[in-house]
Amino acid sequence: MAQGIKTTETDAAVEDFLARVEPAERQADGRTVTALMARLSGEAPVLWGPSIIGFGRYHYRYDSEREGDMCRIGFSPRKAELVFYLAGLEDADFVPLGKYRRGKGCLYVKRLDQIDMAVLERLIVRSLAHMDSAYPR
């Protein structure tokens, strides 16, 4: 396996990590998303690297021969915004979500009260289905 991969599964307690998240609003949103992703994935939350709360795991291998393990879905409650790590989604899937921005493979949300939680739930379910198809267990 390639060396130097920073995002690896840890045994750190997710609740301890969430207790240190600033500001308090992001901490509360982080607990809400943790509960939502745990319910939808059927997986317990695990801290990946220093700041990603992930659910499930898969092994990837690129044509470049780089390979590793990563969570199937996850998010990071950063100070400025929540960052969601979801895969296999189309642009149209995001339209009814509310206030957000996107980057390569990431969804950025400042506050949960600015988005439609039912749409977020659908995005998570679609991402999980994509991961199950692309990386069968």
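Values computed for the structure shown
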{"item": "Length added when fully stretched, Ala35-Lys99, from 0.36 nm per residue minus Cα-Cα", "result": "20.9 nm"}
{"item": "Anisotropy class of the chain from Cα gyration tensor, a/c 1.5 cut", "result": "oblate"}
{"item": "Separation of the Ala13 and Asp69 label points, Cα + 7 Å toward Cβ, nm", "result": "2.3"}
{"item": "Point-charge dipole on Cβ atoms (K/R +1, D/E -1) for segment 20-94, about Cα centre, debye to 20", "result": "400"}
{"item": "Simple spin-label estimate for Ser51 and Gln27 in nanometres, 7 Å along Cα-Cβ", "result": "1.7"}
{"item": "Cα centroid separation - segment 20-38 against segment 69-97, whole Å", "result": "14"}
{"item": "DSSP-assigned coil residues among GluC sites (Glu not before Pro) in segment 1-77, each with at most 13 further Cβ atoms within 10 Å", "result": "Glu65"}
{"item": "Unit charges on C-beta of K, R, D, E only; dipole of the chain, Debye", "result": "280"}
{"item": "Simple label model, 7 Å out from Cα along Cβ direction - Met117 to Ala129, nm", "result": "2.2"}
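Throughout, read-outs are computed from the coordinates displayed, never taken from laboratory work. The structure displayed is predicted, hence computed values, not measured ones. Here Cβ is always computed from backbone atoms with ideal geometry, including for glycine, and neighbour counts include all displayed protein chains.
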